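Novice: Right, I'll just put the structure down here and ask away after.
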Amino acid sequence: MTRAISILGATGSIGASTLDLIRREREKWRVVALTANCQAGELARLAREFGAEVAVVGDEACLPALRDALAGSGIAAAGGAGALVEAASRPADLVLAAIVGTAGLAPTMAAIEQGTTVALANKEALVSAGDVMTAAVARCGTTLLPVDSEHNAIFQCLAGNSLDHVRSITLTASGGPFRDWTYEQLVAATPAQAVRHPNWDMGAKISVDSATMFNKGLELIEAHHLFPVGHDKLKIVVHPQSVVHSMVEYRDGSTLAQLGPSDMRVPIANVLAWPARMDTPCAPLDLAALGELTFRAPDEQRFPATRLAREAVEAGGSAPAVLNAANEIAVAAFLAGHIPFTRIAAYVADVLAAAALPAPANLAEVIAVDGEARAVARAMMELA
Ligand code: NAD
Ligand code: MG
């Protein structure tokens, strides 16, 4: 029996890892929709290879190029935000949400509203929509499977256990490329240095998030929604080797951890095959070769992002959406060379203090909060 899958963000790092796994068991899958922002040539190549029903570019200006590249293939081409939502709404067994940023929010919500099982990589969508998304998941009876390696680890450690018995959940953090840098070095950090992650090969935005530790901050908020044990039970520990992907501690003193190579194909395989298991080409763990695994507390002086995220989750309401939007704007400004690395967290803190927005109650209000927070962030940067 084949399963039908749509991949939102098919040309990205997560999209490529997913298609790599599907390519290895081609006969088990039928590809419905593949999407990208632009990258018309690459998207068309993938759509032809996997025999997709439809290929969609988020940026409508790229649609003519996509149409040209798909000419004669019989594959439908579409473009624009509405087309992404339509693609995500098509009947499928699984939608992999791997667009980066809140650009993925509306299509992810559309898949959830259809009741289609969603494999969620796009953490910004959940951070931003928060309760609005989890309420839709509950209302529509949707299964949400976490792709993010930490959350997939927690998901695996929770299997067969009740959240009532959980004493704490610990997210591990590699600490990113600047883990051991002094504050003075951080001030001068360049985009090229920030996107060079020691353990993981990822898209530019999440790589910068790893360097600032906003990735862990966003993941703390993501965990709060996926595993509602109370935010006071969520902890973060720095683990430079990225072998232990997270842990769950139970009331009896047992701590369960999930270990694996730092290869996103492991958690992606878990959600593709769930509740079964599948083979991956990933190198097996060789603990003797690794020698040791180390752990240390995060340094919130040099990396304030996790503290800001904790404050946002405690404040609730619009704060997580504001934090996420401000971070997206600040990361883009840093990557464009407009602001120094250390200003990213400073801008997020300033926008959080300045933007007192009402708690969003539905998708339209989440998008409005996101837009307003972006406007505040942009205005602050122009004034500086
Ligand atoms: P990426 O930049 O490599 O790919 C992003 C994908 O989204 C691309 O297909 C791109 O074309 C598409 N996209 C970008 N902007 C868009 C827009 N405005 N409209 C429509 N499509 C758009 O990113 P990635 O590293 O694959 O990460 C994707 C998501 O998965 C992010 O939310 C990230 O935080 C999360 N994630 C990634 C990793 C990883 O190892 N890469 C691990 C955990 C979680
Ligand atoms: Mg992660």
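Coordinate-derived values only; no laboratory data. Being a predicted model, the structure only gives us computed values, none of them experimental. Backbone-built Cβ (ideal geometry, glycine too); neighbour counts: all protein chains shown.
Novice: For Ser168, Ser242, what ranking results if the residue with the fewest other Cβ atoms within 10 Å of its Cβ goes first?
Specialist: Result, fewest neighbours first: Ser168, Ser242.
Novice: For region 120-258, build the convex hull from the C-alpha positions and give me its volume per residue in Å³.
Specialist: 116 Å³
Novice: Residue by residue through region 146-163, what is 3J(HN,Hα) from phi via Karplus (6.51 cos²θ - 1.76 cosθ + 1.60, θ = phi - 60°)? Round to whole Hz and write x for glycine and proline.
Specialist: These are the phi-based 3J(HN,Hα) values: x, 8, 3, 4, 5, 6, 5, 4, 5, 3, 5, 6, 8, 3, x, 10, 9, 4 Hz.
Novice: Let me ask another. Whole number please: convex hull volume per residue, Cα atoms of region 210-362, in Å³.
Specialist: Residue-normalised Cα hull volume stands at 177 Å³.
Novice: Which order do peptides 211-222, 61-72, 250-261 fall in by mean Cβ count within 10 Å, highest first?
Specialist: Going by the mean number of other Cβ atoms within 10 Å, highest first, we get 211-222, 61-72, 250-261.
Novice: If you don't mind, there's one more thing I want to ask. Quick one: how many lysine pairs does the chain have with C-alpha atoms less than 25 Å apart and a gap of 8 or more or different chains? Give me the count, please.
Specialist: Final tally of qualifying lysine pairs is 8.
Novice: Is region 207-265 rounded, prolate or oblate when judged by the Cα gyration tensor, a ≥ b ≥ c being the square roots of its eigenvalues, rounded requiring a/c under 1.5 and prolate requiring a/b larger than b/c?
Specialist: Oblate, because a/c is 1.5 or more while a/b does not exceed b/c.
Novice: Quickly rank 121-131, 292-302 as a protection proxy: mean count of other C-beta atoms within 10 Å, highest first.
Specialist: Going from most to least packed, we get 121-131, 292-302.
Novice: Can you give the FRET efficiency to the nearest 0.05 for Leu287 and Cys140, using r as the Cβ-Cβ distance and R₀ = 41 Å?
Specialist: Working from the Cβ atoms, E equals 0.45.
Novice: Identify unpaired cysteines across the chain, taking unpaired to mean no other cysteine Cβ lies under 4.7 Å from the residue's Cβ.
Specialist: Cys140, Cys157, Cys282 - these cysteines have no disulfide-compatible partner (Cβ-Cβ under 4.7 Å) in the chain.
Novice: Still on this model: Taking the Cα-to-Cβ direction at Phe295 and at Ala192 and moving 7 Å from each Cα, how far apart do the two end points lie in nm?
Specialist: Taking the two extended label points, one gets 3.8 nm.
Novice: Given region 1-92, report the % of alpha carbon pairs whose separation exceeds 16 Å.
Specialist: Value for region 1-92 (Cα pairs over 16 Å): 46 percent.
Novice: Ranking Ile329, Ile22 by Cβ neighbours within 10 Å, fewest first, what do you get?
Specialist: Going from sparsest to densest Cβ surroundings: Ile22, Ile329.
Novice: Still on this structure: In the P(r) worked out for the chain, what percent of Cα pairs fall beyond 28 Å?
Specialist: The calculated P(r) of the chain puts 44 percent of pairs beyond 28 Å.
Novice: Also, I was wondering about something else. Where Lys and Arg each count +1 and Asp and Glu each count -1, what net charge lies around Asn327 among other residues with Cβ under 11 Å from its Cβ?
Specialist: Net charge in that neighbourhood comes out at -1.
Novice: Can you pull the semi-axes for region 276-381, root of five times each eigenvalue of the Cα gyration tensor, sorted largest first, whole Å?
Specialist: The equivalent ellipsoid of region 276-381 has semi-axes of 34, 20, 15 Å.
Novice: Sorted by average packing, counted as other Cβ atoms within 10 angstrom per residue and highest first, what order do 171-181, 96-106 take?
Specialist: Order by mean packing, descending: 96-106, 171-181.
Novice: How far, in nm, would the chain grow between Glu314 and Asn161 when pulled straight, counting 0.36 nm per residue and subtracting the alpha carbon separation?
Specialist: Net length gain for the segment: 52.5 nm.
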